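The next block holds one structure in the form of structure tokens; read it before the comments.
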Amino acid sequence: MPALAAPLPLSEEQRSLVHAGVMRVANAPVAEPIPPRTAALPTWVALHDLPAGVVGEIPLLRGYKFVKLDDRILLVSPANRAVVGEIPRYRLLP
């Protein structure tokens, strides 16, 4: 798991909106595994624009990108490639 920079203050509802919006992006491939505890994502990891609808609902995310992994979605600051949020891709059922 990459080291988190200052995490974005997102509510559970906002995290759910990001999850739903990103999962609907059909052309965003799943990235290869990322080395653990990196301060910044390697340059070979492709960053993708967040869906416009998600940014419209959550203006705080304007300018951020995402990376889709097998088990989670990473929110990334493109200026320094720092991970500023993690959202699990799969939720466990009670």
Members of segment 59-71 that are closer than 18 Å to Arg24 by Cα, modelled with pLDDT of 95 or more and part of a loop (DSSP other than H, G, I, E, B) = Tyr64
task = Look at Gly21 and say whether it is farther than 16 Å from Arg89 by Cβ, modelled with pLDDT of 90 or more and not in a loop (DSSP other than H, G, I, E, B).
result = no
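Matching residues to (1) crowded, with 17+ Cβ neighbours inside 10 Å; (2) in a loop (DSSP other than H, G, I, E, B):
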{"position": "Leu10", "(1), (2)": "yes, yes"}
{"position": "Gln14", "(1), (2)": "yes, no"}
{"position": "Ala46", "(1), (2)": "no, yes"}
{"position": "Gly56", "(1), (2)": "no, no"}
{"position": "Ile73", "(1), (2)": "yes, no"}
{"position": "Val76", "(1), (2)": "yes, no"}
key: Test set (1) out of contact with any strand residue (DSSP E or B) (no Cβ under 8 Å at 6 or more places or on another chain); (2) farther than 18 Å from Glu13 by Cα - Val67 fails condition number   = (1)
message = Given the criteria within 15 Å of Val76 (Cβ to Cβ) and at pLDDT below 90, does Leu4 qualify?
response = yes
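The values are calculated or read from the model by the stated rules, or taken from the named source; none is laboratory data. This is a predicted model, so every value here is computed, not measured. When we count neighbours, we look across all protein chains shown, and the Cβ atoms used for this are built from the backbone with ideal geometry, even at glycine.
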